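Here the structure comes first, spelled out in structure tokens, and everything after it is commentary.
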Amino acid sequence: MARQFSLPEIIPPVELLAPAADAAGRTSGYVNLGKADKAYIVCHVNQGNAATVQLTPLQAQDTSGTGSKAIGATQVWSDLNESAGDLLTKQTNVANYMTDAGLHGKVVVFEISPQDCMDVANGFHTIAIETGASNAANITEAMIYVLHRYQQAQPPSILS
């Protein structure tokens with residue numbers, strides 16, 4: 001019998017960045033982690049040009065981005081060549097991550113434990129992802145998966 005786990009019910013995915021060319025860099029909207037135990041920001045880079053891409057989770061005090069600043073160091077995993085396999089490699093804990101310049105599809109995962117890497121004591125409970133300037137041939141996208149503290153039939157929205 002399969003393990004009783006349902007991604008949409010337990011850690012529903014929410015889009016942070018729709019797939020788009022990323023020459024100038026961009027910042028997603030902020031989502032609320034106030035009732036979250038943990039969140040995973042999953043970034044995908046379709047590398048069409050040999051230019052690195054910096055990925056930086058940002059924290060703020062509300063979904064408008066008030067007081068936005070980088071998070072503290074957190075766990076990061078990456079697969080910098082998806083065509084060679086699906087193994088994610090744990091990296092040194094960091095507040096942001098720079099991909100290499102190899103022309104491969106890439107996945108980078110940030111594990112966000114708000115109490116460990118966000119300034120929750122000062123009201124920072126929302127998070128976004130920012131991409132650095134790169135090249136128009138590099139396509140980036142990001143999703144967030146949120147594990148709420150308490151399982152419910154319908155988890156609270158993270159968009160407000």
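The values are calculated or read from the model by the stated rules, or taken from the named source; none is laboratory data. Everything quoted here is computed from the prediction, not taken from an experiment. Note that each Cβ is placed from the backbone with ideal geometry, even for glycine, and that neighbours are counted across all protein chains shown. Accessible surface is based on the protein model in full, side chains and every heavy atom, while ligands, DNA and RNA are left aside. Shrake-Rupley method; radii C 1.70, N 1.55, O 1.52, S 1.80 Å.
Here are a few things to note about the model shown:
- Largest to smallest in accessible area, the residues LEU58, LEU87, LEU103, LEU147 fall in the order LEU87, LEU103, LEU147, LEU58 (1.4 Å probe, all protein chains included).
- In nm, spacing of pseudo-spin labels at SER83 and TYR145 (7 Å Cα→C-beta vector): 2.6
- Heavy atoms of the protein chains alone define the surface here; on that basis the chain has 50 Å² accessible area per residue at 1.4 Å probe size.
- Separation of alpha-carbon centers, segment 36-51 and segment 115-148, rounded to whole Å: 9
- Sorting 93-101, 110-118 by average packing, meaning the other beta carbons within 10 Å per residue, from highest down gives 110-118, 93-101.
- Packing here is the average count of other Cβ atoms within 10 Å per residue, and on that basis the peptides 14-21, 30-37, 122-129, highest first, run 122-129, 30-37, 14-21.
- Of the peptides 65-73, 49-57, the order by per-residue mean of other Cβ atoms within 10 Å, starting with the highest, comes out as 49-57, 65-73.
- Full-extension gain in nm, ASP100 to VAL120, via 0.36 nm per residue minus C-alpha separation: 4.0 nm
- Share of carbon and sulfur in the accessible heavy-atom surface of the chain [1.4 Å probe, %]: 52
- Computed over the Cα atoms of the chain, pair by distinct pair, the Kirkwood hydrodynamic radius stands at 16.0 angstrom.
- Around the Cα centre of the chain, unit charges on the Cβ atoms of Lys, Arg, Asp and Glu (plus for the first two, minus for the last two) sum to a dipole of about 220 debye.
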